[in-house]
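The structure under discussion appears below in the form of structure tokens.
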Amino acid sequence: MLFVLLAIVWGSSFVAIEVGLERVPPLLFAALRYDVAGVVVLAYAALTYERWLPRGRADWVPIALGGVLLIAAFHALLYLGQGSVSGAVAAVVISLVPLLTAVFDHTLLGERRLDPVGGAGFGFGIVGVAVVASPTPGAVGSESLFGVGLVFLAAVAFGLGSVITRSSTSTLPVVAQQGWTMLFGSAVLHAASVVRGEPFVAGAWTPSVLVAFVYLALGSGVLGFLLYFELLGRVGPSDLNLVNYVTPVVAAVVSWAVLGQVIDATTVAGFAVVFVGFALLKRDVVRCLLRSRWAVADC
């Protein structure tokens, strides 16, 4: 139930981002979102936990790493990319996160060596993103192709961040750690926004933009990341990031219902190729699920 709720919250967030970016600069929009989300999460941590303040290097290192990778880098690249591509297409590219997470698990945590079949799976994932981008000789360097590239880098940042933060030795409660991570990331985003010269225009905050912002800050930001980190400790990053295979479906449905967008066959084909890549890389889990008739607990 938590997994499905997370998929719905995060899938619909791609559409909310698209609505907000029509009027508000991307990095400023992301920074303000996590200002609000971070304050709310930290207030909740202060009320429910005896300890919520970081102490020393063991606490601050994962906060800084998570803030830079999971919050700042991921959202900066995603928001900038979504300035050129739709939320549904961005969600398909982000579906590469489970594949990238599994690769980082293999290479950084030594889960096991990446064998030729696993390497082929990673290759399928890259091909899938290329299919979604649909590069042609005349389109190289185009705005949409550049946007897909930025979203791909966002997926890299998130996969790397989820693996690195899992291996931390922090004793800070996960809710408090996430609140500080959000605020650390929002500070980085504000700095990047200033460097880009993004202005704050009060008139840009129309009712639709405000609704999108509140949903992103409280729904996707607060509820979504609390769900993510709760599940991260239970199932690990590789299995949890399978949620990214459900979010494109949610994003496509919400995009159609709210914005009237319909994804094309090429995008669907690219998503299918990415999924095949992950199935090859995690074939042991897939084989176990098939043998146990999808009894997830047995695998």
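Dividing the mean sequence gap of close Cα pairs (under 8 Å, 6+ apart) by how many residues the chain holds gives a relative contact order of 40 percent. Longest stretch of the chain clear of exposed loop sites (trypsin sites (Lys or Arg not before Pro), DSSP loop, at most 11 other Cβ atoms within 10 Å, sites excluded): 114-292. For the chain, leaving out every one of the chymotrypsin sites (Phe, Trp or Tyr not before Pro) that falls in a DSSP loop and has at most 11 other Cβ atoms within 10 Å, the longest unbroken run is 1-199.
Using only side-chain charges placed at the Cβ, +1 for Lys and Arg and -1 for Asp and Glu, the dipole size of the chain relative to its Cα centre rounds to 500 debye.
For the chain, the equivalent ellipsoid derived from the alpha-carbon gyration tensor has semi-axes of 28, 26, 17 Å in decreasing order.
For Val214 and Trp60, a Förster radius of 25 Å and the Cβ-Cβ distance give a FRET efficiency of 0.25, rounded to the nearest 0.05. In this simple spin-label model, placing a label point 7 Å from the Cα along the Cα-to-Cβ direction at both Arg51 and Arg291 gives a separation of 4.2 nm. Quarter the surface of the alpha carbon convex hull of the range 144-205 and you get the mean projected area, 6.4 square nanometres. Estimated from the Cβ-Cβ distance and a Förster radius of 35 angstrom, the FRET efficiency linking Thr169 and Ala204 is about 0.25. As a calculated quantity, the FRET efficiency between Val194 and Val4 at R0 = 35 Å, using C-beta atoms, amounts to about 0.35. Extension gain for the segment Ser144 to Glu230, taken as residue separation times 0.36 nm less the Cα-Cα distance, is 27.5 nm to one decimal. Our coupling estimate for the range 200-210, obtained by passing each phi through the Karplus curve with A = 6.51, B = -1.76, C = 1.60 and θ = phi - 60°, is 9, 10, 4, x, 6, 8, 6, x, 5, 5, 5 Hz, Gly and Pro reported as x. Annotation: extensible slack from Val253 through Ala265 equals 2.8 nm (criterion: 0.36 nm per residue apart, minus Cα-Cα distance). Surface composition of the chain: carbon and sulfur atoms hold 70% of the protein heavy-atom accessible area at a 1.4 Å probe.
With no solvent and one point per C-alpha, what does the Debye sum give as log10 I(q)/I(0) for the range 187-270 at q = 0.14, 0.16, 0.19, 0.21 Å⁻¹? Calculated log10 I(q)/I(0) at the listed q: -0.82, -1.00, -1.13, -1.14. Quantify how much of the Cα-Cα distance distribution of the range 1-119 extends past 21 Å, in percent. Percentage above 21 Å: 55.
The values are calculated or read from the model by the stated rules, or taken from the named source; none is laboratory data. Since this is a predicted model, take the numbers as computed values, not measurements. Glycine gets a Cβ as well: all are built from the backbone with ideal geometry, and neighbour counts include every protein chain shown. Side chains included, ligands, DNA and RNA excluded: accessible areas come from the protein's heavy atoms. Shrake-Rupley method; radii C 1.70, N 1.55, O 1.52, S 1.80 Å.
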